[in-house]
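Heads up, the thing below is written out as structure tokens.
Throughout, read-outs are computed from the coordinates displayed, never taken from laboratory work. Because the structure is a prediction, the values reported are computed rather than measured. Heads up, the Cβs are rebuilt from the backbone with ideal geometry, glycines too, and the neighbour counts pull from every protein chain shown.
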Amino acid sequence: MLIKCPDFLEIKNVVFKLNGNSVPGPNGFGGVFYHSCWEIIGTNVCNVVQQFFKQNWIFPRMNSNVVSLIPKIQDAESIKDYIPIVVANFKFKIIFKILADRLALVAARIISPNQYGFVQGRHIQDYIGIASEVINMLSKKVRGGNMAYKVDIHKVFDTLS
């Protein structure tokens with residue numbers, strides 16, 4: 001189900017679900033171009049996307065991206081003062097969105113109920129209260145002891161390696 005070749009309607013629906021006002025890709029064409037010119041380019045776009053699913057490869061440079069560093073603060077001096085923005089080819093975004101939509105259908109069955117991030121309908125904020133309660137219970141004696149660790153979310157989600 002994840003790798004079956006999408007039909008014209010599935011590809012068109014994905015194209016129009018994607019943000020038309022997103023930043024154009026490295027080739028200069030963004031979502032608004034695909035939305036407004038669909039009647040002209042739709043068949044060619046579908047052929048490119050279907051080619052990926054049929055032959056398991058993408059055209060050269062279709063996955064080329066441009067990384068720009070946008071300063072978070074005035075007079076930024078180090079890498080942590082920037083937000084990396086990746087400008088991706090819109091056709092690649094279409095393929096990625098098809099795969100993501102398909103994976104979302106099975107995600108709830110393959111991801112543990114304890115994992116709250118990255119699953120539709122679940123929010124990591126729901127676990128802030130539970131985490132607080134767990135931290136408060138660390139001082140209670142239990143067999144085997146207690147342990148907690150902190151992950152620096154800033155470093156995980158706000159840096160480019």
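Computing FRET efficiency as 1/(1 + (r/R0)^6) for S36 and F96, where r is the C-beta to C-beta distance and R0 is 22 Å, gives about 0.55. Taking amide H atoms as placed 1.01 Å from N in the peptide plane, the amide H of G25 lies under 5 Å from those of G30, F90, each 5 or more residues away in sequence or on another chain. Around the amide H of Y82, modelled in the peptide plane, lie the amide H atoms of K72, all under 5 Å away and 5 or more residues distant in sequence or on another chain. Relative contact order for region 8-110: 30 percent, from Cα pairs under 8 Å spaced at least 6 residues apart, divided by residue count. Measure up K12/K54; K72/K93; K72/K150; K80/K140 against 28 Å on the Cα-Cα distance and list the ones that go over. Cα-Cα > 28 Å for K80/K140; rest within. Length available on full extension from K4 to L103: 0.36 nm per residue minus the Cα-Cα distance, which gives 34.4 nm. Modelled spin-label separation between N47 and R61, with each label point placed 7 Å from Cα along the Cα-to-Cβ direction: 1.8 nm. Taking other C-beta atoms within 10 angstrom as a stand-in for reagent exposure, M137, M147 fall in the order M147, M137, fewest first. Sorting I111, I79, I98, I40 by the number of Cβ atoms found within 10 Å of their own Cβ, with the fewest placed first, yields I40, I79, I111, I98. With a simple spin-label model that places each label point 7 Å from the Cα along the Cα-to-Cβ direction, the separation between Q125 and K17 comes to 2.4 nm. Karplus-derived 3J(HN,Hα) values for region 46-57, using 6.51 cos²θ - 1.76 cosθ + 1.60 with θ = phi - 60°, are 4, 4, 5, 5, 5, 4, 4, 6, 7, 10, 6, 8 Hz; glycine and proline are entered as x.
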